[in-house]
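Below: the structure, in structure tokens.
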Amino acid sequence: MNHQELSRELKELLTLRWSPVAVRLLKHGEEKPANVFEPSVPLRHCQAITAARRGNSIYMPPAKHACPDGSAIMGLIPMSPKLRSGELYLLFKKLPNIEIARKMIASRSEFATGTYRASVVAPLEDAEFTPDVVIFTLYPEQAMWCCCASSYGSGDRQVFNTSGFNSTCSDLTVQVMKSQRMNISFGCYGARAISDISDFETYLAIPYDQLPALIASLKKLAVKSIPEARRKIYMPPVIDNVSGPEQQEGCHVSVRIQQDRCNGCELCVAFCPDAVLEMRETANGPKAVAVAEEKCSSCYTCVGQCPQKAIQLEQRAN
């Protein structure tokens with residue numbers, strides 16, 4: 001897929017508000033990509049990410065980087081002595097003492113000074129360069145599906161390396177380039193102070209080469225898991241002012257199964273936490289039957305999992 005197709009697939013599968021942002025750090029001797037433009041004023045890396053997700057393609061040599069910490073972390077300029085020592089973190093009241101500041105600095109991901117000569121960012125669909133990483137601005141639910149897709153393809157759980165400092169520079173760019181692993185950041189002092197990221201959004205970055213595999217897994221999840229979760233399939237209806245998931249005292253639960261609709265898939269039996277249901281052979285093949293209604297906790301898992309919508313729970317006063 002080309003970049004336009006990658007971006008379109010991601011936007012549709014995750015219902016993204018913002019374009020995914022392509023990020024590349026240019027090495028010495030590497031040409032500036034086509035159709036990227038220097039900003040009229042210096043920007044922080046996190047500001048450039050914000051501008052790119054809104055449609056701007058930006059080329060930033062060191063002179064156009066407004067944050068000396070971020071540009072040094074990405075290997076564009078030398079780190080100033082006061083930043084390297086941690087003194088400025090104390091001056092701005094971000095950390096309590098020099099020992100903790102130095103520990104934080106020593107543990108973050110950085111590139112050596114002079115490793116790169118400029119940064120380039122663009123909406124993924126407009127990027128005329130091969131990104132190192134792609135950065136998403138997401139709601140937590142969308143980030144969850146990215147994690148699910150990663151696990152779908154590998155079986156691995158995600159382990160994220162992040163903090164409330166140096167968000168887009170260290171955690172989302174350098175860390176992901178070095179580890180070649182997806183990473184999450186909740187933002188940092190600078191990223192939240194100068195960008196329009198909402199209080200309900202977070203960041204996620206992934207190595208560019210892993211996008212096709214992520215999209216393939218998201219497509220599989222979009223067949224059943226994503227639409228079901230977004231429909232809130234386990235949310236019980238309100239019936240006569242009685243609602244689940246807890247069965248209220250003095251109420252009786254009746255499990256109604258429309259046998260003509262049941263296709264014998266066994267999903268309801270497999271998912272029921274209290275063995276309320278079992279499969280029984282009938283003249284029309286195996287069908288689900290409620291054998292222990294008194295155990296039903298009204299969790300609505302069977303209702304949500306039934307592909308035929310054959311199950312209903314009725315809660316009535318005893």
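For region 38-55 and region 64-97, what is the separation of their C-alpha centers, rounded to whole Å? What the calculation gives is 20 Å, centre to centre. Calculated FRET efficiency, residue 144 to residue 256, Cβ-Cβ distance, R0 = 22 Å: about 0.10 to the nearest 0.05.
Helix-derived [θ] at 222 nm for the chain: sum -39500 (n - 2.57) over DSSP H runs of at least 4, divide by residue count, nearest 500? Mind showing how you got there, number by number?
Numbers: 13 runs with 100 residues, N = 318.
It lands at -8500 deg cm²/dmol.
Here residue 200 and residue 280 are evaluated by their C-beta separation; at R0 = 51 Å the FRET efficiency comes out at 0.60. In this label model, residue 289 and residue 216 are separated by 4.5 nm, measuring between points 7 Å along each Cα→Cβ vector.
Give me the distance in nm between label points sitting 7 Å out from Cα along the Cα-to-Cβ direction at residue 193 and residue 27, one decimal. Taking the two extended label points, one gets 3.5 nm.
Which ordering of 186, 160, 129 is given by a fewest-first count of other beta-carbon atoms within 10 Å?
Values: 186 17, 160 14, 129 21.
Exposure proxy ranking, most exposed first: 160, 186, 129.
Give the shape of region 1-158 as rounded, prolate or oblate, defined through the alpha-carbon gyration tensor: a ≥ b ≥ c are the square roots of its eigenvalues, a/c under 1.5 means rounded, and otherwise the shape is prolate if a/b is larger than b/c and oblate if not. It would help to have the intermediate numbers written out before the result.
Working: a/c = 2.07, a/b = 1.32, b/c = 1.57.
Judged from the Cα gyration tensor, region 1-158 comes out oblate (a/c at least 1.5, b/c at or above a/b).
Given the alternatives (1) 25.9, 82; (2) 19.1, 53; (3) 23.0, 72, Rg and Dmax of the Cα atoms in Å as computed for this entry is given by (1). Estimated at 0.36 nm per residue, the fully extended path between residue 87 and residue 35 surpasses their Cα-Cα distance by 14.8 nm. Considering the zone a paramagnetic label at residue 17 would reach in this model (a point 7 Å from Cα along the Cα-to-Cβ line), which residues of region 137-181 have amide N under 13 Å from it? The answer is 137-143, whose backbone nitrogens lie closer than 13 Å to the label point. Highest mean packing comes first when the peptides 94-100, 81-87, 13-19 are listed by Cβ atoms within 10 Å, giving 13-19, 81-87, 94-100. Placing unit charges on the Cβ atoms of the charged side chains and taking the dipole of the chain about its Cα centre, the candidate lying farthest along the positive direction among 80, 229, 96 is 80.
Number of Lys-Lys pairs in region 34-128 with C-alpha atoms under 15 Å apart and a separation of 8 or more places or on different chains: 4. For residue 220, the lysines whose Cα falls under 20 Å of its own Cα, not counting residues fewer than eight places away in the same chain, are 11, 232.
Read the figures in this text as sums done on the coordinates, not as results from a lab. As the structure is a prediction and not an experimental result, all values here were calculated from the model. Reconstructed Cβ throughout: ideal geometry from the backbone, glycine too, with neighbour counts over all protein chains shown.
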